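Report on the structure given below.
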2 protein chains.
Amino acid sequence: MSAEEHTQAGVEPDGPVATGAPRPFFRSRWAPAPEHVRELGAGAGLPAGFRAAGVVCGIKPSGNPDLGLLVCDAPGPVSAARFTTTGAPAAPVLVSQQRCRLGALRAVLANSGCANAATGARGLDDAAKTQGAAAIAVGVDPDEVALASTGAISHYLPVEAILKGILEARPQLRADGDADFQRAIQTTDSFEKRASLEVRLASGTARLSAQCKGAGMISPRFATMLCFIETDAALSPETADLLLGVCVKRSFDRASVDGQLSTNDTAIMICSGAGGVSIAPASEDELRFGEALDALLRQLAIMLVADGEGAGRIARVVVRGGHLPSAEAAARAVANSPLVKTALNGGDPNWGRIAQAVGAALPGTAPLAMDISIEGIQVCAAGAAVPHDEAALQQAARGLELEYEIGLPGEGAETEVFFSDLSTRYVNVNAEYTT
Amino acid sequence: MSAEEHTQAGVEPDGPVATGAPRPFFRSRWAPAPEHVRELGAGAGLPAGFRAAGVVCGIKPSGNPDLGLLVCDAPGPVSAARFTTTGAPAAPVLVSQQRCRLGALRAVLANSGCANAATGARGLDDAAKTQGAAAIAVGVDPDEVALASTGAISHYLPVEAILKGILEARPQLRADGDADFQRAIQTTDSFEKRASLEVRLASGTARLSAQCKGAGMISPRFATMLCFIETDAALSPETADLLLGVCVKRSFDRASVDGQLSTNDTAIMICSGAGGVSIAPASEDELRFGEALDALLRQLAIMLVADGEGAGRIARVVVRGGHLPSAEAAARAVANSPLVKTALNGGDPNWGRIAQAVGAALPGTAPLAMDISIEGIQVCAAGAAVPHDEAALQQAARGLELEYEIGLPGEGAETEVFFSDLSTRYVNVNAEYTT
């Protein structure tokens with residue numbers, strides 16, 4: 001089932017709440033909203049200095065929106081970007097990295113339905129053509145236009161359709177075009193991942209918005225995480241880059257649906273400075289803005305995981321102790337273990353699988369004196385089972401958000417990974433489609 | 001569903017052949033039988049110098065056999081062993097490694113239904129008790145008895161049941177007890193993994209047998225791979241260790257059902273020398289015996305993969321080029337990718353997922369000029385899609401054994417991994433059971 005079919009069928013797997021008032025954006029205990037952050041409604045629009053649009057250009061067979069354009073109209077915007085670390089990056093990633101002024105972007109052209117990955121020199125040429133067309137359409141230089149694509153790997157970009165789409169999108173650019181832009185970048189997403197926030201700072205109030213896509217991986221619609229962040233605050237390029245880097249590391253870098261790094265992951269933040277608030281490096285305001293950005297991206301990352309194909313339950317694994325590479329390896333091993341993920345899916349507190357995954361990740365440490373707790377109930381101490389309230393554990397394992405804590409010998413490191421379960425629906429969606 | 005339930009229900013997922021003559025043991029194109037190797041029937045029994053038994057001692061609730069005993073009666077047997085590299089090895093692994101003369105084993109005590117893993121100091125004591133009891137029962141020293149367990153992690157070993165079972169097994173030790181022994185070590189296996197071979201050497205004919213277990217991982221019956229190999233040839237401890245080491249590396253080390261390293265993996269070879277053939281180091285016979293052992297263990301490894309929980313299709317990924325760590329990382333990434341595995345399950349030649357998995361495994365190499373072929377049909381050259389016969393590719397992807405070949409830039413390395421697909425049955429079996 002494609003993303004578009006999901007949307008058409010009205011699938012709404014975003015947890016059990018479905019009626020009444022809109023759910024708050026900050027809905028996970030793992031990403032509480034800072035006190036100085038206020039959620040604006042879905043119709044609040046973009047921060048000052050931004051316009052966006054989303055149109056149907058014909059890449060997706062479903063006829064759903066598939067081309068998004070985001071423009072910053074402010075005179076001297078500042079930006080920052082992060083990309084996938086894969087050895088096989090898609091053409092839009094390479095073009096954005098190699099041909100853009102990533103600290104001074106004025107526009108983003110994003111499409112869904114085609115990843116433009118594994119397309120070689122032709123893919124690069126195709127991407128460059130769309131970059132040039134978007135630049136002309138919105139009146140900026142090509143190196144001020146970042147590209148982002150998501151969809152099937154190994155297919156060439158339908159350049160003509162995109163050029164037509166750019167012309168169609170241009171007159172539709174609006175300050176409240178973020179909802180259309182969001183729809184145009186979605187693929188297999190079954191719910192919207194978008195926020196408009198107000199951030200109270202000492203020097204005034206800033207606006208902060210983001211549109212994000214990402215879910216499971218559906219053949220051949222290779223799902224990817226894209227995130228575009230806008231603020232009307234003024235930041236130096238160094239500050240923007242620092243804050244985006246730190247916050248991406250604490251959010252998207254900590255999320256795993258199935259351990260499969262994309263060819264197209266892209267996160268871009270553009271700061272228009274049109275709101276009148278300027279954030280000085282190393283100031284209290286930088287800290288507070290950073291806290292808001294951190295909460296925003298963490299909640300979005302948790303939403304990516306919760307929308308993982310077929311996800312019923314999600315979990316956070318926290319590893320403390322040892323040195324960082326070990327803690328990181330252990331956390332990733334648990335988050336990506338099909339045995340842990342199927343147990344999570346079944347509401348089964350099968351902690352032997354957690355012990356197995358940690359042990360497998362840390363060869364040469366035998367016998368490893370690990371501790372394991374599930375939802376605060378300790379089940380393993382120094383590598384051996386400990387008596388615990390089995391009924392309470394069974395009950396805890398049936399929650400929708402589970403927390404696994406793992407202690408390794410020694411002090412110092414601490415890391416976390418958010419992950420989804422593994423369901424038959426994930427397999428069906430990814431196995432039953434044939435190219 | 002438990003392994004025992006599988007057997008009772010008569011599940012027989014071992015490929016499409018079900019009637020008529022018994023299938024040959026060497027049935028995969030990836031493990032052809034050497035010319036000097038002849039398959040003996042299932043009733044051929046063990047090589048000279050060995051006896052085995054399998055009994056019900058009451059660990060498994062199903063009442064199926066769960067305790068196996070293997071004894072070598074020859075005066076000066078030689079042996080070799082390999083174990084899991086996990087940081088969290090089970091007690092029987094630690095006891096075998098630390099308290100056994102691994103080059104001079106005379107017996108193996110193996111149980112299914114309980115892994116005796118994550119059981120701390122008590123687990124070690126329990127294992128040592130059963131080792132001592134087995135030694136007394138068969139009249140050897142405790143350090144000549146290796147232990148192997150498979151089953152649920154985090155449960156303590158039912159020592160009393162095992163002691164009773166040892167007494168029951170002793171009078172049942174027989175030269176043709178290998179079939180009973182095989183049944184006693186199985187957990188979630190849905191078919192037997194056992195062979196009796198005759199190996200023609202320059203200096204005479206040697207017998208070579210093996211009993212092996214392993215399938216998917218079923219909660220909470222943590223499946224493990226165990227393999228016990230017997231020969232009546234005489235080998236030096238160094239030769240035995242060398243050959244077992246090389247052949248394990250080319251077989252069990254290259255197999256993955258779900259990328260989940262067990263706490264209990266164990267492979268033990270015992271050479272009775274009772275057959276009159278002696279294999280000198282660096283001789284032509286060593287080479288021929290090694291070829292036979294290699295084919296035996298490779299076929300068993302392929303059978304493990306084919307019996308992976310819910311497996312419908314299996315595949316081999318071969319990576320050539322680059323340096324070995326890169327080739328190994330790429331092969332493992334493909335073999336363990338849930339996207340590649342679901343595509344394999346669905347008979348979908350979705351090679352974009354292969355490119356994604358390889359790219360993700362090799363950060364810092366962008367843009368990576370990889371080649372990809374499926375069943376000899378090249379689909380990607382130097383990182384970009386190439387025209388190919390789409391109908392032939394679709395047809396090839398529907399076979400039961402698929403071969404993926406990946407070329408990396410540069411010369412030198414070559415590696416392979418055998419793996420199973422990922423099916424809804426794997427998820428059901430592992431998610432629906434609750435402890």
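The values are calculated or read from the model by the stated rules, or taken from the named source; none is laboratory data. Keep in mind that this is a model prediction, so the values were computed, not measured. FYI the Cβ positions are ideal-geometry reconstructions off the backbone, even for glycines, and counts take in every protein chain you see.
I'd like the residue in the stretch A:150-173 that is closer than 19 Å to A:S62 by Cβ and in contact with a Ser or Thr (Cβ under 8 Å, 6 or more places away or on another chain) and, out of all such residues, is farthest from the other protein chains (Cβ to nearest Cβ).
Here the residue is A:I162.
Please enumerate the residues belonging to the stretch A:226-270 that are in contact (Cβ under 8 Å) with a residue 24 or more places away in the chain and of a type in the set (K, R).
Residues satisfying the conditions are A:R250, A:R254.
Based on this model, can you work out whether A:I377 counts as among the β-branched types (V, I, T) and touching a strand residue (DSSP E or B) at 6+ places or on another chain (Cβ under 7 Å)?
No.
Quick test for you: out of B:A202, B:A121, pick the one residue that is over 25 Å from the mean Cα position of the chain (by Cα), surrounded by fewer than 24 Cβ atoms within 10 Å (Cβ to Cβ), of a type in the set (A, V, I, L, M) and more than 30 Å from B:P281 (Cβ to Cβ).
None of the others qualify; the one that does is B:A121.
Where in the stretch A:266-377 are there helices (runs of 4 or more DSSP H), lying wholly inside it, with at least 1 residues that are at pLDDT below 95 and either touching a His at 6+ places or on another chain (Cβ under 9 Å) or not assigned by TED's automatic domain parsing to the domain that holds A:G410 (or both)?
It comes to A:284-306, A:351-361.
Counting only residues that are within 30 Å of A:R122 (Cβ to Cβ), give me the strands (runs of 3 or more DSSP E) lying completely in the stretch A:16-102 with at least 2 of them.
Correct list: A:50-55, A:67-72, A:78-83.
Can you confirm whether the stretch A:192-200 contains a residue that is away from every other protein chain (no Cβ under 14 Å) and within 30 Å of B:P387 (Cα to Cα)?
no
Select from the stretch A:340-356 the residues that are more than 7 Å from every other protein chain (Cβ to nearest Cβ) and aliphatic (A, V, I, L, M) and list them in ascending order.
A:V340, A:L344, A:I354
Could you grab the pairs with beta carbons closer than 8 Å, sequence gap of 6+ or different chains, first residue in the stretch A:408-435 and within 12 Å of chain B (Cβ to nearest Cβ) and farther than 30 Å from A:G364 by Cβ, second one part of a strand (DSSP E or B) and modelled with pLDDT under 90?
What qualifies is A:S420/A:S256; A:V429/A:I218; A:N430/A:I218; A:Y433/A:I218.
Can you find, within the stretch B:143-160, the residue that is farthest from the chain's Cα centre (by Cα) among those that are surrounded by fewer than 19 Cβ atoms within 10 Å (Cβ to Cβ) and part of a helix (DSSP H, G or I)?
Per the stated criteria, the residue is B:E160.
Does the stretch B:185-193 contain any residue that is assigned to a strand (DSSP E or B) and touching a strand residue (DSSP E or B) at 6+ places or on another chain (Cβ under 7 Å)?
Yes, the conditions are met somewhere in the stretch B:185-193.
Give me the residue from the stretch B:97-118 that is under 23 Å from B:L243 (Cα atoms) and within 13 Å of chain A (Cβ to nearest Cβ) and, out of that set, nearest to the chain's Cα centre (by Cα).
Selected residue: B:Q97.
What are the residues in the stretch A:60-96 that are touching a residue at least 60 places away in the same chain (Cβ under 8 Å) and within 11 Å of chain B (Cβ to nearest Cβ), if any?
A:F83, A:T84, A:T85, A:T86, A:A88, A:P89, A:A90, A:A91, A:V93
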